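Colleague: Could you have a look at this structure, given as structure tokens, before my questions?
The values are calculated or read from the model by the stated rules, or taken from the named source; none is laboratory data. Quick caveat: nothing in here was measured; it's all calculated off a predicted structure. With ideal geometry, Cβ positions are generated from the backbone for all residues, glycine too; neighbour counts draw on all protein chains shown.
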Amino acid sequence: MSCVDSCTRRGWQNLTIGGAAMRFQDRRMQGSNDGQAPGRGTAVITRTKPKTKKPSLYRVLILNDDYTPMEFVIHILERFFQKDREAATRIMLHVHNHGVGECGVYTFEVAETKVSQVMDFARQHQHPLQCVMEKK
Ligand code: TYC
């Protein structure tokens, strides 16, 4: 007898709920339910596969202003976002021309840390550069 046969005979079925693998036992037709009155309208659903959830991702953005030197912004992108000079210059010019641009995409704590590092560094150098994060 295959597993599928023996499982279904005892009333168990494999199913998926919200993408999660589950086992479902329909007890509605059984004569008793754990010594209680006939098991009308009861069911058991058991998780069969450990759930792994993908973390939410956050964009770290920098905003344009009229005072922060272009070279300083390029330095920020190289130092905190591991951009090479060419990529850093492209992002800086994009922000300069469009008002806002993406430095990178990270999990929550990493994004938070990047924002703090940029804001602290800009403040130390008395530049008004603003850095924010937004959920993807
Ligand atoms: N607009 C600034 C300037 O002309 C340069 C700049 C670019 C500032 C990007 C901030 O996020 C920024 N000096």
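Colleague: How about the range 103-136: which of its residues are in a helix (DSSP H, G or I), over 21 Å from the mean Cα position of the chain (by Cα) and surrounded by 15 or more Cβ atoms within 10 Å (Cβ to Cβ)? Reasoning before the result, please.
Modeller: Narrowing the range 103-136 to residues in a helix (DSSP H, G or I): 108-124.
Those still in the list that are over 21 Å from the mean Cα position of the chain (by Cα) too: 117-124.
Once the filter is applied, which keeps residues that are in a helix (DSSP H, G or I), over 21 Å from the mean Cα position of the chain (by Cα) and surrounded by 15 or more Cβ atoms within 10 Å (Cβ to Cβ), the range 103-136 yields GLN117, VAL118, PHE121, ALA122.
Colleague: Now for a different question. Would you please list the contacts, defined by Cβ atoms under 6 Å and residues six or more apart or on different chains, that run from a residue in the range 107-120 that is touching a residue at least 40 places away in the same chain (Cβ under 8 Å) to a residue that is part of a helix (DSSP H, G or I) and not β-branched (Val, Ile, Thr)?
Modeller: LYS114/PHE80; VAL118/PHE80
Colleague: In the range 50-78, what residues are surrounded by fewer than 11 Cβ atoms within 10 Å (Cβ to Cβ), touching a residue at least 24 places away in the same chain (Cβ under 8 Å) and either more than 16 Å from the ligand (Cβ to nearest atom) or at positive phi (or both)?
Modeller: LYS51, PRO55, SER56
Colleague: For the range 46-58, check the following and say yes or no: at least one residue is aliphatic (A, V, I, L, M), touching a Gly at 6+ places or on another chain (Cβ under 7 Å) and at pLDDT 80 or above.
Modeller: No, the range 46-58 has no match at all.
Colleague: Kindly list the number of the only condition in (1) in contact with a strand residue (DSSP E or B) (Cβ under 6 Å, 6 or more places away or on another chain); (2) within 13 Å of the ligand (Cβ to nearest atom); (3) charged (D, E, K, R) that fails for LYS114.
Modeller: With respect to (1) in contact with a strand residue (DSSP E or B) (Cβ under 6 Å, 6 or more places away or on another chain); (2) within 13 Å of the ligand (Cβ to nearest atom); (3) charged (D, E, K, R), LYS114 is out only on (2).
Colleague: Within the range 7-44, which residues are at pLDDT 65 or above and surrounded by fewer than 11 Cβ atoms within 10 Å (Cβ to Cβ)?
Modeller: Answer for the range 7-44, where residues must be at pLDDT 65 or above and surrounded by fewer than 11 Cβ atoms within 10 Å (Cβ to Cβ): ARG10, THR16, ILE17, GLY18, GLY19, GLY41.
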